[in-house]
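In what follows, a single structure is set out as structure tokens and then discussed.
The values are calculated or read from the model by the stated rules, or taken from the named source; none is laboratory data. Just so we're clear, the structure is a prediction, and the values are computed from it rather than from any experiment. For neighbour counting, all protein chains shown are included, and Cβ atoms are generated from backbone atoms with ideal geometry for every residue, glycine included.
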Amino acid sequence: MTQPHLLGPVEIRELAAELDVTPTKKLGQNFLHDPNTIRRIVAAADLSPEDRVVEVGPGLGSLTLGLLGEVAHVTAVEIDSRLAGKLPDTVATRAADFADRLSVVEKDALTVEAGELGEPTALVANLPYNVAVPVLLHLLEVYPSIRRVLVMVQLEVAERLAAAPGSKVYGIPSVKASFYGPVRQAGTIGKNVFWPAPKIESGLVRIDCTRPFDEALRPRLFALIDASFAQRRKTLRAALAGFYGSAAAAEEALRAANIDPRLRGEKLGVEDFVRLAEAS
């Protein structure tokens, strides 16, 4: 089989001109146009030939082409009708031997429901920057079949997702992402590999979705996490008073989970929050 021909800067601009597409802030679009960066992302995802990948926001198809030669199937979820309509043609032209491995779903990824994308085993995407965290968490929730995540997001978002308890940027995204398994940064991507070039660098985030906790806990657990960080700099006793009905009840629940009520939410790891959800 002839490997896919990846897109460079010239091809990206030609495709955009053909479709009369200008990247928009509204959709969080920055088109990737560097083949070496594509190869780096695919390698960092550590995929197998059996993997079935969901890609969100494929745009003009840069990463899609890089994935198709490495996995069993790619389901691309694209909200922009012009881009969704063009992607199969681009793949047929530049990766003809792999065209049958592609499915395109024209939809907002935040509205995707269980079963619509089959049973993907991996999420690999250059996520639209304005909805990166909500999309990531939504897909992990509705597709328990996902075992590996490799996403490119704004560097500050990557740092938040992979942050450890007690760090300045640790917060709700950090805890919720780690509910699904170990999260780590997998590299930094410069600004000049995109069109248009963003104002800040991007980061790769990898999640190995071991799913170590009971999924049935998630609704209560995530509500606890939200409440714990709703008023930063407050003790957990105070922050969770509304959740439990009173500060005294919050303290009782925290002590039952062997958590100091004087701590702040940013000091707790996901295991602590899980213990609290289980105890109360």
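What about Pro165, is it assigned by TED's automatic domain parsing to the domain that holds Leu127, under 15 Å from Leu127 (Cα atoms) and part of a loop (DSSP other than H, G, I, E, B)? Spell out how you get there, then give the answer.
Values: assigned by TED's automatic domain parsing to the domain that holds Leu127: yes; under 15 Å from Leu127 (Cα atoms): no; part of a loop (DSSP other than H, G, I, E, B): yes.
No.
Can you tell me how many residues within the stretch 81-104 are touching a strand residue (DSSP E or B) at 6+ places or on another chain (Cβ under 7 Å), surrounded by 14 or more Cβ atoms within 10 Å (Cβ to Cβ) and either closer than 19 Å to Val21 by Cβ or not assigned by TED's automatic domain parsing to the domain that holds Leu140 (or both)?
5
For the stretch 189-225, enumerate the residues that are among the charged types (D, E, K, R), free of Cβ contacts under 8 Å to residues at least 60 places away in the same chain and either within 20 Å of Glu156 (Cα to Cα) or in contact with a strand residue (DSSP E or B) (Cβ under 7 Å, 6 or more places away or on another chain) (or both).
Across the stretch 189-225, the qualifying residues are Lys191, Lys199, Glu201.
Between residues in the stretch 239-255 that are under 19 Å from Leu221 (Cβ atoms) and residues that are among the hydrophobic types (A, V, I, L, M, F, W, C) and outside any helix (DSSP H, G or I), which pairs lie under 6 Å by C-beta distance while being six or more apart or on different chains?
Ala250/Leu240
Given the condition in contact with a Leu (Cβ under 9 Å, 6 or more places away or on another chain), of a type in the set (Gly, Ala, Ser), crowded, with 20+ Cβ neighbours inside 10 Å and within 23 Å of Leu67 (Cβ to Cβ), answer yes or no: does some residue in the stretch 159-176 qualify?
For the stretch 159-176, residues in contact with a Leu (Cβ under 9 Å, 6 or more places away or on another chain), of a type in the set (Gly, Ala, Ser), crowded, with 20+ Cβ neighbours inside 10 Å and within 23 Å of Leu67 (Cβ to Cβ): absent.
Quick one: which of Leu127, Leu139 is within 12 Å of the chain's Cα centre (by Cα) and at pLDDT below 95? Spell out how you get there, then give the answer.
Details: Leu139 fails: at pLDDT below 95.
After applying the criteria, what remains is Leu127.
Which of the residues that make up the stretch 103-124 are in contact with a helix residue (DSSP H, G or I) (Cβ under 7 Å, 6 or more places away or on another chain) and under 26 Å from Ala186 (Cα atoms)?
Once the filter is applied, which keeps residues that are in contact with a helix residue (DSSP H, G or I) (Cβ under 7 Å, 6 or more places away or on another chain) and under 26 Å from Ala186 (Cα atoms), the stretch 103-124 yields Ala109, Leu110, Ala122, Leu123, Val124.
Do we find a residue being among the β-branched types (Val, Ile, Thr) and not in a helix (DSSP H, G or I) anywhere in the stretch 208-219? If you could, list the steps in order and put the result at the bottom.
First, the residues of the stretch 208-219 that are among the β-branched types (Val, Ile, Thr): 210.
Adding the requirement that they be not in a helix (DSSP H, G or I) leaves 210.
Yes, because at least one residue in the stretch 208-219 is among the β-branched types (Val, Ile, Thr) and not in a helix (DSSP H, G or I).
Give the residues of the stretch 226-246 that are out of contact with any strand residue (DSSP E or B) (no Cβ under 9 Å at 6 or more places or on another chain) and surrounded by fewer than 17 Cβ atoms within 10 Å (Cβ to Cβ), sorted by residue number.
Within the stretch 226-246, Asp226, Ala230, Gln231, Ala238, Gly242, Gly245, Ser246 meet the criteria.
Which is free of Cβ contacts under 8 Å to residues at least 60 places away in the same chain and part of a loop (DSSP other than H, G, I, E, B), of Val71, Val133, Val77, Val105?
Criteria check complete, one pass: Val71.
Could you figure out which of (1) in contact with a Gly (Cβ under 8 Å, 6 or more places away or on another chain); (2) not in a helix (DSSP H, G or I) isn't true of Leu117?
Checking Leu117 against (1) in contact with a Gly (Cβ under 8 Å, 6 or more places away or on another chain); (2) not in a helix (DSSP H, G or I), the one that fails is (1).
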